[in-house]
Structures are given as C-alpha cells and as structure tokens.
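Presented below is the structure to which this report refers.
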Amino acid sequence: MSEFVIRNGHVFDPTQGIKGDKKDIAVKDGKIVEKVGSSARVIDAKDKTVMAGAMEIHAHVAGPKVNAGRWYRPEDKHFDSHKTTGITRIEGGKSIPTVFKTGYEYARMGFTFAMEAAMPPLYARHVHEEIHDTPIIDEAALPVLGNNWFILEYLKNHEVENTAAYISWVLRQTKGYGIKCVNPGGTEAWAWGLNCLTIHDPVPYFEITPAEIIKGLIEANEYLGLPHSMHLHQNDLGNPGNYKTTIDSLKLAEGIKATNNFGREQVLHSTHLQFHSYGGTNWGDFESKAKEVMDYVNKQKNLTIDTGNVTLDETTTMTADGPFEHHLHGLNHLKWFNVDVELETAAGIVPFIYDPANAVFCSQWAVGLEIPLYAKDPMRCFITTDHPNAGPFTRYPRVYSWLMSKKVRDALLNGFKKADKVIGATTLAEIDREITLYELAAMTRAGPAKALGLAKDYGGLRTGMNADIAIYNINPDKFPSTGPEIEKAFAQVAYLFKDGKICVEDGKVVDMGHKKTFWVDAKVNENKQVMHDIREKFLRYYSVNENNYPVPESYAPHQHIISVDATKA
Amino acid sequence: MPKEVTDVICPFCGTLCDDLVITVSDDNKTILGVKNACAIGAEKFNHQRLPGRVKLPRMRQADGTYKEVSYDEAIDWTANMLVKSRKTLMYGWASTSCQAMSIGHEIAEKVGGIVDNCATVCHGSSLIAIEDVGVPSCTLGEVKNRADRVVFWGCNPAHAHPRHMSRYSIFPRGFFTVKGHKGRKIYCVDCRYTDTAKVADEFIQVQQGYDYELLNAFRTAARGEALPDFVGGVPKEKIQEVVDDLKSARFGIIFFGMGLTHTMGRNHNIDIAINLTRDMNDYTKFAIMAMRGHWNVTGSGQVLGWQYGFPYAVDLSRRDQARHQTGETTSVDLLNRNEVEACFYIATDPGAHFPIDAMISSSKKPTICIDPHINCTTEISDIHFPVAMVGVEVGGCAYRMDNVPIETRKVVDPPEGVLTDEELLTRINKRVDELMAKGAQ
C-alpha cells in the first residue's frame, strides 16, 4: 500500500506557518500530495502531533573515530546490548551505538536524516561502509578540510578559485556533502604537538592563520554555491574565556552573502556553540557567556548555529580537534586515542563522565540550554548534542524536556549538589522561556533542512515534499507536564514515515525503509593547476595511489546526488 | 595482447601496498607477471596460474578420502550444520573482503555463532591493551612525511612486511623528511639480531622476556628517575642516551609486533609501550602502531566494531546480545574447553597456527572450511569450499594496518564455476533462512 492519509493530527510545520492546526496529510508514492483515493490507509492521528521527519545536522555516527570509540570501549556495551523482537538486529552501545542501533534509535525518535559531521577524506570509504550498514535514515558526510595541505597552500595566497576546484574534486572522490572545518590550522599544528588557540596564531610551516582559512573556505563555499554553508568547529574549544575567539571567528562572516540555488541564507554554520561560549580565566571562575555570543548571532542573519547540549551522562568525546582531546586526556586521565591523518587532519577520542556533582559540567549543561533559549530565530538555531561529545543523541527527548518546561529544568538546576555555584555562573535560572512545539519543529526540521539546502524536499509537510513524517503521542492541548512523560513521547514515535513508508509503528521498527546517501557533485571549469597539484601530492606524499583514493559507487547503492554548476562562477 | 593492470592492491600483509602492476593474459584468465610486489606478494599472484586448483567443493567420505560434490549439496550440508549447532565457531575472515564479512555476521547472528578473527592469536593482546589505555597513532603517510625517529620493537618487517620500510618507515622521502633514510634515526629492539636490525642505526638487544622491564626503564629515564645499572641486559647509560634522543625527535613512532604481543607480559607489554608513547607526547610528537599481519585482519575488527562494538571474539550465541571476553569467547579457549558444537572456518588457516590441542578438539566436530586452496585446515574439514581469491580474482574492501580502507581490485577471472566468498555466503545465508523457516513451522 503506497497511499496513506494521516487524519486529524495537530500539524506543526514552520515551512507553511502551521502551528498545531488540525489537518489531514495525504501521502502517495513517497511524496506528500493534495489528495489520495478512498482506498488509502487511514492513520488516526487524533490528539497526536504531526511533524516532518527530524534532521540531525551534526553528529558523529559513522567513520574511523566513531568506530574506534566503539571497539576500544567494550565497557560501553555493558550499559546496553539487546535485541528487540521482530526484524531488527542486535543493538549495542550507549554513547557510541552500533550502526544498527544508530539507525533504529534515530528512527524511533522521529528522525529521517543524519549528517556525519567529520569525514577524513582518506577514510571516506570507511565512513561510507558504515553509512551503508546504518538502516532506515538518510545520511550524508562532511569531509574535514580545515587543515588540508591543498587548502592551506591555496589559501595562503588567497587562491579561492583553486580552493574551490580542489573542493569540487574532493567532494566527488569522497562522496561528500560540504565543507567541514575543525580547529582550522590547530590540527595541522598538532601533527607537531602544537595548537592554534586564537584565530591569529600562525600555522607552523604553512604561515597562514586560522582566520584566513575560515574566511577563505567561506568564500570558496559561496564560489561553488554548495547547498550547505561552511560548517565550522572553532578554535579553542572547551576552554574558559574562549567566547572572545568565538565572536572573532563569527565576525569573519560579516558582509558575505549567500550565493546558491537552494534557498540557504547563511554563509557560516557554527557548530556545538555551547563548547565555545565560556567566560572566566580558569575552571574556578568559569562562567557562561551564552548571552554575549547569542546577542551577536541574533544580529547576524547570515549565521546558523547548533547547540551541543551537555546531557550529564557518561559518554565518549571524539573530534578532529586532536590537540583538544590530548588536553582533555590531561584533565581526566582516561584512555586517549589519537590518529593523525596524512596531509588532511587528525582525530582524538577520550571517554568522559559529565558528573552532575561537578559545577563546571553543570554549568556547561546550563550554557547548552541558554543558547537555544536566547535564540531569537529558531530557524537559525538547531538542537544537537554533538553526539557523542556532549551526550548521546538518544538523549534528545530529555534535552527537549528541559527546553520545553521551565519546571523540569529548574528542578534539575536547583537540585544540583553545587546549585549555588552553577546558578551564579550562568543565567539559566533567570530565563522563563519555554520552547514551543512550533519552535521545536523549526529547530529540528525546517531550520536544519534550510541550512543544509534541502528545504525544497525536506523539513516540512508541503504538498510535493518527501513524505518523511513523524507522528508523536503528544496532544498539544494537554502537553505532558513531567520530564519523563515528555521524554517518553519524543523517544517513541507513534508512527514514522520515511519516503512514504511506515518504518516505525508504536516505537517498534517495522521496515528498514529505503536508505539513501546524499552527496554533492559540484562542477567547476577544468583547472590544470589543481589537477597537477593533486597528481604531485599523490605521487610524493600520500601513502595510497590517486586511483585508489575515490569511494567506489558500490559503497552508496542508493545515492541522492545534488548537482551544482559552478562553471560560470 | 597481454595487458597491464595498474594500482593493484596486494592481498598479503597489513602493509597493503597499492602500487602493483600485474600483467594479465588477453583472455583475463592468467597472470603473466607481477611488478613492484615483494617476494611474498608476487608469489600470491603468481600461484594463481599454478595447476591443480580445486574447482568444486570436496566432501570427506567415511574412509577419509574427499569426493567432489556440487555447491548446492555442500551448501545444504553447511546450512544444516549451522542450524543444528547451538554454538558454532566462525573463525577466520582475515583474508576476505569486508563485504563478505558482513554477510557472515548476518548468518552468525541468526544461528548463534561466535565470530572471531586471527587477532585472537596475533594482535589480540594489542587490542586488549588499547581497550585498557587507548593508543596515540597515525597513518603511515604521516610516518613517511614527518618521522625522524623510528623504533621497531619486537617486529621484523624485513621478513614479515617487506615493503613497509621502503614505502613508509625507513627509506622514503616525504614532505618534511626530504633526506629520506639519512634524516631518520632507526632503532631496532629485539632479542635477536634480525634482518631489520641490520638496517637500523642502532640495535638494542633486550634479554628475552624483558621487554616490559625495558619499556618501563625507558619511561623511568624519560622522567629523570634513577635506573639500575642494567635493565633487560641493556646498560643504563644506553637507555638514557636513547630516551634523550627520542625526546629530541620532531616526530617519533614505535612499530611493534609479535615480539611484544606473544612474549611474557603480552597485553601488558603493549600497555606500557603505549604509555611510553603517551609520555613522549609531553615532550614532542609520538605515535605507536601495531604491525598487523593478514592483509584484512584490521578490516574484520572494523566491521565487527561497527556492527557489534568489539574488535574480535564476538559471541552471538545468545542471539539477543553480543559478548566479548578474552579467555571466554576467544577461539583457542573455546576449542580447548570443547565449548563449540561445530566449526566454520573462512579465509584463514587455523590448522597451521592454532595450538595442537585446540585443533584436535576442532577435528572432532563437524567442520567446514572456505579457502581458495588446500591447506592444513581443509584437511581436517568435512567440507572444503574452493572460492575465488579476494584481491586477485574478485575485489572488495580491506583495511591497512593503520585502519585506512582500500578497495582491492580484481585482476583476473576466477576459475570457471568457482564462487566468490560473497556469493557463497549469500547462498548459505539463504539456505539457513529456508531451513529456519521450515523449523519454525
């Protein structure tokens, strides 16, 4: 049966401005349509909430470091390893779930898309092997380029066109979606055990600054007109007093306008902003600067951000910010994993316990909530946990409960062992705002879809859009009042439609759907200089041959290729 | 006209060289020549054309002789064995593609198998150490481009990974290492004067079984604490001199092998080598890497990792959760304790490598072996399935010792009628489904 009609649900769709009105949604052959025939299956959504499928804009769910996290932490499986009855496979892992669990859990929460936030180009085949094995949800991956030698060499001389030509090449080789930049310059410095902590620290040997890299990548992104903007993990993550560097970095986007055919308006997406909004000079006088950072973000229409909410769990931190993980290991002394990747990037992993008895961790928790609560435009602020860095993605329902109920979050805040210190260091206690279902739909659906350049088909329930639909057991007129009730409602959808097929029913996975891999094919004019440089680097410096670098077609059997023509740029 | 296939990946060791040039006959059936490979790698390609390839499954008869049977018959026998056995050891995987492993895991999950790879008798102790203390490492290209101090500890790449030294670790000139060999200082720590020691600038002979003590002394010296006159047969002045030199590196790397993983101390040796590396990062940049043996043993760990969360010895016999416990779910221990009811071997030769007691236990159980060639294991199996050689007659993904994935290439057709691992496993999987559906009725 490929026709459905979802009756009488409370629909929340920021793409059409629908705020909980009772509406019927018709589905036919994977799309949302005006009308379906009388034989269509009727889904009773009375007293339920209907939204588009949720979209994850930043998570580490597939690839070499995620997998290292899985296998070097057998203890993570002690928290959870099980199989539910039915068609699902064994599910294991808490903070870094296996691919099967990853797909099922996202689907159970109403998600239909996840962006793998850091793909080292040399390891792209690995990322795609895992994406291939992750069921149900569509996925894409961002190649990490902020410490790539080609980019550093071109941008040192401000050669934006060559940078763009290289990016076009690398996106095609890796089946990548856009430009990720992690600790620009700092990770290359890390190859010598060093770092760049401000945007003006020169990168060893390459004699370029993080500021030049950030700005150059934004320009190359707009030169190509990619669907997504440059996606930035800033310098000096996680340190007291880093908010100044954060605002300095954001300022680099001033005056640049988005150029693309996808309806995207931002030129810079700044990720897990929670980790970058700290004041103070040390862990003792650590304080929130979320207000200062968000005041700036609210003013600048060409920025989007995601939150990176700390969930106060035991988790596994992992990032291409290699020096940061080394630093973190120095703080908690838990097992440290590091990989430096030739010519491209690095990655580190350290398990982490956000202990609610610790004032700093609780303050981080508060900063993560302040950011969306200060956000004036929910279409530019998205909820993430930077999975698994600030917490596992499976905690989204709990994060929603804190954002949507002042009562729930205040109860936690006031119950902290060091509540006075946390309240003193943050402004959360003074905030009364509660995120509405409509705002949540913007922050988790319409907003990310727009920022990713996918707003034409995803993130809403307009006629003609892809039929990715989540139906929750939430009656907006009687919104659940306790934390556990809110959590339960968001953790287990009543129904999840993916491409017009029911994949989850009553929180139970019933169909593996038709999983797709999204990637961007950007066409540029022939560039002999760049092709020559690529050939030379492979001949002399890479440890694999150029012909063995690309990701073969078979790794992404169901591709959704987004074409961009930058030949006339 | 014979033709040349370039950028071919060598399916022999964890070095996974990807620059071989293979000359192939016009009809795509015979390999005529191999360029760029080491002696072992060349042999792997060259023996493709040797006569006597097994082309049909062989089933052992009551008198101990083997009779050729159809794939269908052998598949049916195997599927029945898997469905009947409550606990099947499914060991090997190190010489096949990741795609084939994935299908194998699906079967294991259904029938309650235990999936284990040859890390269990190889770098399993390294994996245990990494599970305990993590590991700071890098890709091999980083070594080529940056390393100016290279330590080979308990490994002998001159024999086991012959092109490792020329491609990555000793001789190549890289971006920051324009002087190649001259710009690097090479140490070899071993209890024997190996061929690798001959290439090293400095050979440090450790007394057999004293690796842990010597590594500990290196850490002690790095912290400036006092040492006894000799540790593991090495004078304290030498230890201090080496440590000071390592500290002055711009980028250092330790490669280690079976000399650490399988001597007294085992995982503790690796543990302290990793901790030494971690300490060295307080002074400069340092990395450490296991010299993985089979060309895709790393891949098996990766696929098991993303599907179940453990790198080897994954027990799925409970069917509702995956378990991993060294000594409990590891192949040799399972066989020694007679805990499995059947054996399913693929793409590795336990008959040649497992302790004799384990193989005696194995030989008493229903056993099948999937391998292109006759080997020690096929000869104690009830069924031997011949298959195409992965990396020669069929492609598929493999992971290098530094976890870099490379898609291997097909250079010639497999012998007519011979299935690939993927095809064979898919058919076994299908037959298992049919039998289980019947059983359920």
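The values are calculated or read from the model by the stated rules, or taken from the named source; none is laboratory data. This is a predicted model, so every value here is computed, not measured. Heads up, the Cβs are rebuilt from the backbone with ideal geometry, glycines too, and the neighbour counts pull from every protein chain shown.
Summary of computed values
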| item | result |
| --- | --- |
| Residue in the range B:188-199 that is within 27 Å of A:F337 (Cα to Cα) and among the hydroxyl-bearing types (S, T, Y) present | no |
| Scope the range B:192-235; condition closer than 12 Å to B:L276 by Cα and touching a residue at least 24 places away in the same chain (Cβ under 8 Å); matching residues | B:Y212, B:L214, B:L215, B:N216, B:F218, B:R219, B:A222, B:R223 |
| Any hit, the range B:68-83, residues being surrounded by fewer than 23 Cβ atoms within 10 Å (Cβ to Cβ) and part of a strand (DSSP E or B) | yes |
| Qualifying residue in the range A:171-186 (condition: within 14 Å of another protein chain (Cβ to nearest Cβ), out of contact with any Ser or Thr (no Cβ under 6 Å at 6 or more places or on another chain), crowded, with 24+ Cβ neighbours inside 10 Å and assigned to a loop (DSSP other than H, G, I, E, B)) | yes |
| Residue in the range B:244-263 that is of a type in the set (D, E, K, R) and free of Cβ contacts under 8 Å to residues at least 24 places away in the same chain present | yes |
| Residue in the range B:383-423 that is farthest from the other protein chains (Cβ to nearest Cβ), counting only those that are closer than 25 Å to B:P311 by Cβ and part of a helix (DSSP H, G or I) | B:D421 |
| Whichever residue in the range A:318-329 is farther than 12 Å from A:G238 by Cα and in contact with a Phe, Trp or Tyr (Cβ under 6 Å, 6 or more places away or on another chain) and, among such residues, is surrounded by the most Cβ atoms within 10 Å (Cβ to Cβ) | A:G322 |
| Scan of the range B:151-164 for residues that are within 24 Å of B:M264 (Cα to Cα) and touching a residue at least 40 places away in the same chain (Cβ under 8 Å), ordered by number | B:V151, B:F152, B:W153, B:G154, B:C155, B:N156, B:P157, B:A158, B:A160, B:H161 |
| Boolean, B:T348 is under 24 Å from B:M258 (Cβ atoms) and buried (at least 24 other Cβ atoms within 10 Å of the Cβ) | yes |
| Answer from A:I131, A:I57 - the residue that is in a strand (DSSP E or B) and closer than 24 Å to A:D306 by Cα | A:I57 |
| Residue check for B:T96: more than 11 Å from every other protein chain (Cβ to nearest Cβ), in contact (Cβ under 8 Å) with a residue 24 or more places away in the chain and assigned to a loop (DSSP other than H, G, I, E, B) | yes |
| From A:A442, A:A425, residue being modelled with pLDDT of 95 or more, within 16 Å of the chain's Cα centre (by Cα) and buried (at least 19 other Cβ atoms within 10 Å of the Cβ) | A:A442 |
| Residue match in the range A:271-286 (condition: in contact with an Asp or Glu (Cβ under 9 Å, 6 or more places away or on another chain), farther than 20 Å from A:L328 by Cα and either hydrophobic (A, V, I, L, M, F, W, C) or assigned to a loop (DSSP other than H, G, I, E, B) (or both)) | no |
| Residue count, the range A:100-133 (criterion: within 11 Å of another protein chain (Cβ to nearest Cβ), under 23 Å from A:I353 (Cα atoms) and touching a helix residue (DSSP H, G or I) at 6+ places or on another chain (Cβ under 7 Å)) | 0 |
| Residue count for the range A:72-100, restricted to those that are part of a helix (DSSP H, G or I) and under 23 Å from B:T298 (Cβ atoms) | 5 |
| Strands (runs of 3 or more DSSP E) contained in the range A:312-389 and holding at least 2 residues small (G, A, S) and touching a strand residue (DSSP E or B) at 6+ places or on another chain (Cβ under 7 Å) | A:345-353 |
| Of all residues in the range A:61-99 being of a type in the set (S, T, Y) and more than 8 Å from chain B (Cβ to nearest Cβ), the one that is surrounded by the fewest Cβ atoms within 10 Å (Cβ to Cβ) | A:T85 |
| Condition met for A:Y154 (of a type in the set (F, W, Y), surrounded by 24 or more Cβ atoms within 10 Å (Cβ to Cβ) and within 14 Å of chain B (Cβ to nearest Cβ)) | no |
| Some residue of the range B:327-334 being more than 14 Å from chain A (Cβ to nearest Cβ) and in contact with a helix residue (DSSP H, G or I) (Cβ under 6 Å, 6 or more places away or on another chain) | yes |
| The range B:332-353 residues that are assigned by TED's automatic domain parsing to the domain that holds B:V83, paired with ones that are in a helix (DSSP H, G or I) and surrounded by fewer than 16 Cβ atoms within 10 Å (Cβ to Cβ) (beta carbon under 6 Å, 6 or more apart) | B:N336/B:D357 |
